[in-house]
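A short reminder: the numbers here are calculations on the coordinates, not readings from a lab. Since the structure is predicted, the reported quantities are computational estimates derived from the model, not experimental observations. Note that each Cβ is placed from the backbone with ideal geometry, even for glycine, and that neighbours are counted across all protein chains shown.
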Amino acid sequence: MNLDFSQIVPYIPFMIEGIWVTLQFVLVAILVGFVIGTLLALCKIGSIKPLRWFADAYTSMFRGTPLILQLMIIYFAIPQLFAYDISPFLSAILAFGLNSSAYVSEIIRAGILAVDKGQTEAAVALGVPYRQMMINIILPQALKNILPALMNEFITLTKESAIVSTIGYLDLMRRAQVVGADLYRNFEPLLFVGILYWSLVMVLSLLGRWVERRLNVSD
């Protein structure tokens, strides 16, 4: 077999550095997605029809088109339409954050609807304002129920982050491509980066289980 992993040894620090570079935009994107997704979920279950229509249209658009297309549109359209030279980092945050929010909104909406209606009825009977009821009573219960689904979305986002290599962002995948082009050997760096991705996913999975156990103990 024509394999020689010794050649990638000098490049290992360069590729490992891509872990933090990848997590930088993934963490910000998931935060953006969670905030926007929560607002969209509240719009979907609210009584204001224009907001419900907007939230449904938003979700349909971002769930119905490929993520890589959304990334390309943001990265290439913004400079063309607004004469603003957007960076790959900001493009990645916007594309992944907006895309993730569409999925997160459905997860949170399902979590809110799964909360016993008696909680809402009791809060209304006690005269608790809608905003306070959502923040202090409904959302905490909903988030506890949907934590596994949210962690799964975070893991999916981490794996899909590899597509930002198409716009030149020096994430894990892009660094493997750089090393492969430099050595004229692609399999070894790609396999090494694949192990790094797998390790990231395992760590996130263990973290999600730990948080879930802590929440169950707190009951």
(message) As I understand it, the value is the acute angle between the Cα axis of helix 67-82 and the longest principal axis of the Cα atoms of the chain; what does it come to in degrees, rounded to 10?
(response) 90 degrees
(message) Need the full-extension length gain, residue 182 to residue 51, defined as separation in residues times 0.36 nm minus the C-alpha distance. One decimal, nm.
(response) 42.0 nm
(request) Calculate how steeply helix 49-63 sits against the longest principal axis of the alpha-carbon atoms of the chain, using the helix alpha-carbon long axis, and give the answer as 0 to 90 degrees to the nearest 10. (result) 20 degrees
(request) Any chance you could give the angle, 0 to 90 degrees and rounded to 10, that helix 88-114 forms with the longest Cα principal axis of the chain? (result) 40 degrees
(message) Can you report the principal axis dimensions of the range 118-219 using only the alpha carbons, biggest first, rounded to whole angstrom?
(response) 70, 30, 14
(request) Please give every one of the aspartates and glutamates within straight-line cross-link reach of residue 44, meaning a C-alpha to C-alpha distance under 16 Å, and leave out same-chain neighbours fewer than 8 residues apart. (result) 56, 106
(request) Neighbouring Cβ atoms within 10 Å as the yardstick, rank 49, 159 fewest first. (result) 49, 159
(request) In whole Hz, with x marking every Gly and Pro, tabulate ³J(HN,Hα) for the range 19-33 from phi via Karplus 6.51 cos²θ - 1.76 cosθ + 1.60, θ = phi - 60°. (result) 4, 5, 4, 5, 5, 4, 7, 5, 5, 5, 5, 5, 5, 4, x
(message) What's the longest uninterrupted piece of the chain once you rule out the chymotrypsin sites (Phe, Trp or Tyr not before Pro) that are loop residues per DSSP with at most 16 other Cβ within 10 Å?
(response) 85-183
(message) On the Cα set of the range 35-165, report Rg and Dmax in Å, please.
(response) 17.3, 54
(message) Can you sort 42, 143, 207 from fewest to most other Cβ atoms within 10 Å of each residue's own Cβ?
(response) 207, 143, 42
(request) Using every Cα-Cα pair within the chain, state what percent have a distance larger than 30 Å. (result) 37 percent
(request) Would you calculate, for the chain, the mean residue ellipticity at 222 nm contributed by helices, counting each DSSP H stretch of 4 or more residues as -39,500 (n - 2.57) and dividing by all residues, to the nearest 500? (result) -26500 deg cm²/dmol
(message) Can you compute the FRET efficiency between residue 207 and residue 2 using 1/(1 + (r/R0)^6), with r the Cβ-Cβ distance and R0 = 35 Å? Round to the nearest 0.05.
(response) 0.35
(message) I want to verify a result. In a Gaussian network model of the chain, Cα cutoff 10 Å, which of these has the top mean-square fluctuation: 178, 124, 28?
(response) 124
